[in-house]
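One structure is given here, and the rest of the page talks about it.
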């Protein structure tokens with residue numbers, strides 16, 4: 001090999017390395033944008049009052065039941081139709097707040113204790129006690145006993161009428177008594193059945209209102225609680241949720257959410273969207289945590305722009321999943337996002 005050629009080999013190798021590096025750089029593009037952290041699962045917890053839509057729906061069901069009863073020829077009281085809502089329609093008073101912002105909670109964990117006024121409590125208790133049901137049952141038992149007694153008496157009278165020792169009018173009177181008692185038994189059986197159904201409905205409503213754990217729900221306690229609907233952390237508490245505060249209508253009390261992982265929501269310019277794909281990894285840094293970079297993954301790219309004005313450029317929402325094992329990141333923090341993607345058309 002000629003000496004000049006051998007001496008030029010190191011220079012050729014260096015030039016090849018630079019060319020390869022340049023080719024790699026040419027094959028990659030860096031996309032940057034900004035976004036804010038958010039909880040992927042949010043729960044709003046309200047007072048146990050009904051919304052207007054819920055109240056309207058239950059009252060419509062009540063009217064439907066009344067009409068069905070009327071069509072069947074049944075005379076029933078308005079309160080026997082159930083109706084209403086499985087929610088409290090009176091005031092509640094806060095007794096204790098059992099959680100604080102940032103606290104982790106699990107499903108059914110109590111967040112707040114509250115009480116209802118005594119007069120409202122007494123009215124609600126009257127709806128779940130089985131006084132009417134027990135009275136109907138006792139009346140039915142007495143009527144059945146009387147009916148059996150008159151039937152036994154009729155057997156003896158029929159024999160005496162056949163022997164001519166008793167007038168036929170006495171037998172006819174006993175038959176009339178039996179007919180009346182038979183009608184009364186049927187009436188009480190229907191009334192008891194209806195009372196059992198309406199009583200079960202009222203107790204089911206009470207269970208939904210007050211969170212009964214017992215099967216019969218025979219009593220209503222004036223102290224009950226608002227419970228957590230799922231796993232998460234307390235993100236927000238209504239400033240008015242304090243002992244002694246009274247709520248008369250549907251009010252948001254707490255906000256729960258998941259903190260690990262978090263999501264990042266970002267609005268990305270339309271010119272960058274064609275280069276991004278779900279599954280792309282991103283490097284995220286936060287101004288509040290200088291020198292610390294975290295890895296996130298794109299999980300969603302919206303197909304509809306946030307802005308519809310034709311004079312303005314469009315931006316699309318992009319979501320990324322960001323692990324937060326130490327819970328050092330908070331909801332609402334702004335991050336700088338860098339995604340490195342191929343500088344070529346992507347399928």
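The values are calculated or read from the model by the stated rules, or taken from the named source; none is laboratory data. Worth saying up front: this structure is predicted, and the values here are computed from it rather than measured. So basically every Cβ, Gly included, is an ideal-geometry build from the backbone, and we count neighbours across all protein chains shown.
Name the single residue that is farthest from residue 141 (Cα to Cα) among those in region 173-213 being at pLDDT below 75 and in contact with a helix residue (DSSP H, G or I) (Cβ under 6 Å, 6 or more places away or on another chain). Step by step, filter region 173-213, then rank; the result is 206.
Looking only at region 136-152, residues that are in contact with a helix residue (DSSP H, G or I) (Cβ under 6 Å, 6 or more places away or on another chain) and free of Cβ contacts under 8 Å to residues at least 24 places away in the same chain come to 0 in all. When region 70-89 is filtered for residues that are in a loop (DSSP other than H, G, I, E, B), at negative phi and either more than 21 Å from the chain's Cα centre (by Cα) or at pLDDT 90 or above (or both), the ones remaining, listed by number, are 72, 74, 75, 76, 77. Within region 300-320, is even one residue part of a loop (DSSP other than H, G, I, E, B), in contact (Cβ under 8 Å) with a residue 40 or more places away in the chain and surrounded by fewer than 17 Cβ atoms within 10 Å (Cβ to Cβ)? Checked region 300-320: at least one residue is part of a loop (DSSP other than H, G, I, E, B), in contact (Cβ under 8 Å) with a residue 40 or more places away in the chain and surrounded by fewer than 17 Cβ atoms within 10 Å (Cβ to Cβ). Test residue 116 against the criterion of being modelled with pLDDT under 85, out of contact with any helix residue (DSSP H, G or I) (no Cβ under 7 Å at 6 or more places or on another chain) and surrounded by 15 or more Cβ atoms within 10 Å (Cβ to Cβ), and give yes or no. Judged against the criteria, residue 116 is a match.
Yes or no: region 239-251 includes at least one residue that is surrounded by 14 or more Cβ atoms within 10 Å (Cβ to Cβ), part of a strand (DSSP E or B) and touching a strand residue (DSSP E or B) at 6+ places or on another chain (Cβ under 9 Å). Yes. Any residue in region 288-296 that is closer than 30 Å to residue 88 by Cβ and within 33 Å of the chain's Cα centre (by Cα)? No: region 288-296 contains no residue that is closer than 30 Å to residue 88 by Cβ and within 33 Å of the chain's Cα centre (by Cα). For region 154-169, the set of residues classified as part of a helix (DSSP H, G or I), surrounded by 13 or more Cβ atoms within 10 Å (Cβ to Cβ) and in contact with a helix residue (DSSP H, G or I) (Cβ under 6 Å, 6 or more places away or on another chain) consists of 154, 157, 161, listed by residue number.
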